[in-house]
Amino acid sequence: MKKMAIAMLVAPAILAGCSTGSSLMGDSMEVSQANMQHHNWTLVSIDGQPLNLPEGFAAPNLEIGESFTANGHAGCNRYFGQAELKDGQFRIDNMATTMMACPEPAMAVEGVMTNVLGNWSEVTLEKQTLELQNGEHTLSFQLRDWVN
């Protein structure tokens, strides 16, 4: 009887430990405005291929700020607009950009970037990565944090 009582007291603690351990194993996060905003994401690959930009060109980025506003550098030009999130999909509505010309492949990167950001894309969110995927391309971003 004494062993049974000890087992009943210890079992919840063991199960709680298992539960906590398994939740820490995955880095997946809920796709929500709260988890996406107040961060700066740097593009690291397009369709699984690392970026190939001309010397002196910075990697594109996506900043999502207060009130879910979005802006960043697309490869050549700056862009901005109002981000939207609906049913696990993301886009920047009425995205505007500056209009400079740059050498290839910066312009090609920008074309893919603005296409994916300007249209609905499936979102995968992890603690350090953000992935946007539409029917044509997959953009993978690394967290380069900025908060507030």
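For the range 88-105, take each phi angle, set θ = phi - 60°, evaluate the Karplus expression 6.51 cos²θ - 1.76 cosθ + 1.60, and give the result in whole Hz per residue in order, putting x for glycine and proline.
x, 10, 10, 7, 10, 6, 6, 5, 10, 9, 6, 10, 8, 9, 9, x, 6, x
How many nm is it between the label spots at Thr69 and His137, if each spot is 7 Å from the Cα in line with the beta carbon?
2.5
What is the diffusion coefficient of the range 33-143 in µm²/s, taking the Kirkwood radius over Cα pairs and the Stokes-Einstein relation at 37 °C with a viscosity of 0.692 mPa s?
239
Each reported figure results from applying straightforward, stated rules to the coordinates on display, with no laboratory input. Bear in mind the structure is a predicted one, so any value in this text is a computation, not a measurement. Here the Cβ is made from the backbone with ideal geometry for all residues, glycine too, and neighbour counts use every protein chain on show.
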